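Could you have a look at this structure, given as structure tokens, before my questions?
The values are calculated or read from the model by the stated rules, or taken from the named source; none is laboratory data. All of these numbers come straight from a predicted model, not from anything done at the bench. Cβ sites come from the backbone with ideal geometry, for glycine too, and all protein chains shown count toward neighbours. Only protein heavy atoms, including side chains, enter the accessible area calculation; ligands, DNA and RNA are left aside. Shrake-Rupley method; radii C 1.70, N 1.55, O 1.52, S 1.80 Å.
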Amino acid sequence: MALLLKTDIDRGDSWHRAFARLAPDIAVRDWPGAGDAGAIEFALVWAPPRGALKGYPNLKAIFSIGAGIDHLASDPDLPKDVPIVRMVEPGLSAGMVEFVVMSVLYHHRFMVEYAAQQRAKIWREIEQIPTSRRRVGILGLGVLGGAAAGKLREFGFDVAGWSRTAKKRPGIATFHGPRGLSPFLKRSDILICLLPLTPETAGILNARTFAALPHGAALISIGRGGHVVEADLLAALDSGQVGAATLDVFQDEPLPPDSPFWTHERVIVTPHIASMTIAETAAAAVIANIRRIQAGKPPEHVVDLEQGY
Ligand code: NDP
Ligand code: OXD
């Protein structure tokens, strides 16, 4: 029995080490050239090229190295009837909570304005606002959005979340569905996008969305670049309707050198690093799911391809 591994960057060694330590009975074979295709029962992949997962007759599950599975759902040659499992692991959640807290505090404490003042050598105080008066809205109240919401509450922020289905979370105002979007946006001084990219959510950060926010709201875009209509965001930044933005994900990655976001004074650009799957903790989660399958149980965190996440 073997697991096919396809990572995007040079992190293969850490996966090999983690599997060797935690599950020496699982042979990890790198894609491409993984040897006997019949021996491959599981695949652990990030952004495999189209058709790369065809031709493994005994494949029992495809594990996404990331929480998002848009890199798989876009492959029309994906084997049918093989469950796709998204990544849910403590390292990824912890990293995302850190990034969200850091970014929210950055905007909350006017660091974009202070950075501009520093460039202009201006010594001027901006009146501090208590967290209880800062309304933070999270698009996507799933594993990552939910964890971030909980931590922001601990800081005392007035937190709301928007999801597809109705939810109840202590201390968090919840909204759902298309009708819940506008009242949710209206009370989002800092808007965070932690949605999956699906046909329903593509382009959701557009001119209409920005117009519904309080004037000068900050945007933290950490879901997928396909959520953002970039021309609309630039227009909203230029008009001041969106006061500042932290952008981690983009339509084209790496962000092209001529993108105006690189040099925009009120934009912080990071290279899709809001959080990363940690091989050690993620391997444990994948192995736990493999053991479930081997025991005849369904794996956890299977994606609903109809919904796209
Ligand atoms: P989950 O599947 O756990 O949560 C997704 C959330 O989005 C759910 O609350 C879901 O609603 C909501 N949602 C989905 N579709 C809609 C819709 N049409 N309308 C309203 N709400 C919707 O995902 P995760 O929290 O694990 O991950 C979220 C995304 O974060 C990933 O898909 C990925 O794109 C991104 N990500 C980015 C990273 C980065 O480094 N920038 C790192 C990791 C992830 P409901 O609860 O009702 O199902
Ligand atoms: C993910 C990502 O989806 O890193 O996990 O973007």
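On the basis of being over 18 Å from Val101 (Cβ atoms) and either within 16 Å of ligand 2 (Cβ to nearest atom) or in contact (Cβ under 8 Å) with a residue 12 or more places away in the chain (or both), does Ala173 make the cut?
Criteria met by Ala173.
Which is closer than 21 Å to Ser74 by Cα, among the charged types (D, E, K, R) and open to solvent by 50 Å² or more (accessible area, probe 1.4 Å), of Glu253, Glu265?
Matching residue, one of Glu253, Glu265: Glu253.
So that you can scan it fast, the table gives a plain yes or no per residue for (1) over 18 Å from Val88 (Cα atoms); (2) away from ligand 1 (no atom under 16 Å from the Cβ); (3) among the basic types (Lys, Arg); (4) in contact (Cβ under 8 Å) with a residue 24 or more places away in the chain:
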{"residue": "Pro24", "(1), (2), (3), (4)": "yes, yes, no, no"}
{"residue": "Ala27", "(1), (2), (3), (4)": "yes, yes, no, yes"}
{"residue": "Ala34", "(1), (2), (3), (4)": "yes, yes, no, yes"}
{"residue": "Ala43", "(1), (2), (3), (4)": "no, yes, no, yes"}
{"residue": "Trp46", "(1), (2), (3), (4)": "no, no, no, yes"}
{"residue": "Leu53", "(1), (2), (3), (4)": "yes, yes, no, yes"}
{"residue": "Lys60", "(1), (2), (3), (4)": "yes, yes, yes, yes"}
{"residue": "Ala67", "(1), (2), (3), (4)": "no, no, no, yes"}
{"residue": "Asp70", "(1), (2), (3), (4)": "no, no, no, yes"}
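Gly223 passes all but one of (1) touching a Pro at 6+ places or on another chain (Cβ under 8 Å); (2) of a type outside the set (D, E, K, R); (3) surrounded by fewer than 24 Cβ atoms within 10 Å (Cβ to Cβ); which number fails?
(3)
Okay, next question. What strands (runs of 3 or more DSSP E) completely inside the stretch 179-282 contain at least 2 residues that are in contact with a Gly (Cβ under 8 Å, 6 or more places away or on another chain)?
190-193, 217-221, 242-247
How about the stretch 54-74: which of its residues are closer than 23 Å to Met276 by Cα and crowded, with 18+ Cβ neighbours inside 10 Å?
Ala61, Ile62, Phe63, Ser64, Ile65, Gly66, Ala67, Gly68, Ile69, Asp70, Leu72, Ala73
While we're here: Restricting attention to the stretch 63-73, does a residue exist that is away from ligand 2 (no atom under 16 Å from the Cβ) and modelled with pLDDT of 95 or more?
No: the stretch 63-73 contains no residue that is away from ligand 2 (no atom under 16 Å from the Cβ) and modelled with pLDDT of 95 or more.
What tally of residues in the stretch 183-200 results from selecting those that are farther than 17 Å from Gly223 by Cβ and open to solvent by 60 Å² or more (accessible area, probe 1.4 Å)?
Of the residues in the stretch 183-200, 1 are farther than 17 Å from Gly223 by Cβ and open to solvent by 60 Å² or more (accessible area, probe 1.4 Å).
Could you list, in sequence order, the residues of the stretch 86-145 that are at positive phi and more than 16 Å from ligand 2 (Cβ to nearest atom)?
Phe110, Lys121
Suppose the filter is open to solvent by less than 20 Å² (accessible area, probe 1.4 Å), closer than 30 Å to Gly308 by Cα and at pLDDT 95 or above; does Phe157 pass it?
no
If you don't mind, there's one more thing I want to ask. Identify all residues within the stretch 1-48 that are open to solvent by 10 Å² or more (accessible area, probe 1.4 Å) and in a helix (DSSP H, G or I); write none if there are none.
Gly12, Asp13, Ser14, His16, Arg17, Ala20, Arg21, Leu22, Ala37, Gly38, Ala39
Moving on to the next point. Run down Leu195, Leu205 and say which single residue is at pLDDT 95 or above and more than 14 Å from the chain's Cα centre (by Cα).
So the residue among Leu195, Leu205 that is at pLDDT 95 or above and more than 14 Å from the chain's Cα centre (by Cα) is Leu205.
If you don't mind, there's one more thing I want to ask. Name the single residue that is modelled with the highest pLDDT among those in the stretch 44-62 being away from ligand 2 (no atom under 16 Å from the Cβ) and of a type in the set (Gly, Ala, Ser).
Within the stretch 44-62, the match that is modelled with the highest pLDDT is Ala61.
Tell me which of these Glu280 doesn't satisfy, since it passes every other one: (1) more than 16 Å from ligand 1 (Cβ to nearest atom); (2) farther than 20 Å from Arg86 by Cβ; (3) surrounded by fewer than 16 Cβ atoms within 10 Å (Cβ to Cβ).
Failed condition: (2).
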